[in-house]
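Engineer: Have a look at the structure that comes next, please.
The values are calculated or read from the model by the stated rules, or taken from the named source; none is laboratory data. Every value quoted in this text rests on a predicted model; they were computed, and no experiment measured them. Using ideal geometry, Cβ is built from the backbone for each residue, glycine included, and neighbour counts are taken over all protein chains shown.
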Amino acid sequence: MKKIAFIGLVLVSLTACKKDKVENYSNANCTDTVSFNNEILPLIQNNCTGCHDNQNGYSLTNHSNISSNSAAIIGSMRNSGYQLMPQGGPALHDSIIKRIECWVNQGKQNN
């Protein structure tokens with residue numbers, strides 16, 4: 001009986017939801033230069049500016065605003081110290097958040 005319970009515990013551990021796991025994306029797979037104009041701005045426009053457009057709290061409409069609020073943007077997308085965004089969820093896919101983190105780690109270039 002103990003052996004079956006142990007196997008069940010192992011199977012549950014192996015199939016746990018990946019989004020629940022904390023991962024460090026600080027430098028992983030950020031080898032190519034991330035373009036603000038071609039990647040980051042469209043991601044923000046498609047996912048954030050419906051609410052954050054100069055009228056509701058954070059204004060995320062240009063490089064200066066996005067760059068200066070990057071920690072809050074990532075914190076909100078990861079639900080880490082900030083309210084989960086987009087509001088009402090679901091959370092954005094990790095690949096989207098990762099591109100923004102790569103851009104931040106590369107110096108938040110206006111390219």
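Engineer: So CYS30 fits all but one of (1) surrounded by 17 or more Cβ atoms within 10 Å (Cβ to Cβ); (2) modelled with pLDDT of 95 or more; (3) assigned to a loop (DSSP other than H, G, I, E, B); what number is the exception?
Structural biologist: Against the list (1) surrounded by 17 or more Cβ atoms within 10 Å (Cβ to Cβ); (2) modelled with pLDDT of 95 or more; (3) assigned to a loop (DSSP other than H, G, I, E, B), CYS30 comes up short only on (2).
Engineer: Are there any pairs with C-beta distances below 6 angstrom linking a residue in the range 38-53 that is among the acidic types (Asp, Glu) to a residue that is not in a loop (DSSP other than H, G, I, E, B), with the two at least 6 apart or on different chains, and if so which?
Structural biologist: GLU39/ARG99
Engineer: Please go through the range 78-90 and pick out each residue that is at pLDDT 90 or above and of a type in the set (Gly, Ala, Ser).
Structural biologist: Correct list: SER80, GLY81.
Engineer: Something else about it: Keeping to the range 61-111, report how many residues are farther than 26 Å from THR31 by Cα, touching a residue at least 12 places away in the same chain (Cβ under 8 Å) and among the aliphatic types (A, V, I, L, M).
Structural biologist: Matching residues across the range 61-111 total 1.
Engineer: Then there's this: Can you name every residue in the range 47-58 that is of a type in the set (Gly, Ala, Ser) and buried (at least 16 other Cβ atoms within 10 Å of the Cβ)? Let's see the steps before the verdict.
Structural biologist: Narrowing the range 47-58 to residues of a type in the set (Gly, Ala, Ser): 50, 57.
If the condition is that a residue be of a type in the set (Gly, Ala, Ser) and buried (at least 16 other Cβ atoms within 10 Å of the Cβ), then no residue fits.
Engineer: Would the range 34-46 turn up any residue that is assigned to a loop (DSSP other than H, G, I, E, B), out of contact with any strand residue (DSSP E or B) (no Cβ under 7 Å at 6 or more places or on another chain) and at pLDDT below 95?
Structural biologist: No, the range 34-46 contains no residue that is assigned to a loop (DSSP other than H, G, I, E, B), out of contact with any strand residue (DSSP E or B) (no Cβ under 7 Å at 6 or more places or on another chain) and at pLDDT below 95.
Engineer: Tell me whether the range 53-75 contains one or more residues that are part of a loop (DSSP other than H, G, I, E, B), of a type in the set (Val, Ile, Thr) and under 20 Å from LYS108 (Cα atoms).
Structural biologist: The answer is yes, given that some residue of the range 53-75 is part of a loop (DSSP other than H, G, I, E, B), of a type in the set (Val, Ile, Thr) and under 20 Å from LYS108 (Cα atoms).
Engineer: Could you grab me the full set of residues in the range 76-96 that are surrounded by 18 or more Cβ atoms within 10 Å (Cβ to Cβ) and either of a type in the set (Asp, Glu) or not in a loop (DSSP other than H, G, I, E, B) (or both)?
Structural biologist: Scanning the range 76-96 gives SER76, MET77, ARG78.
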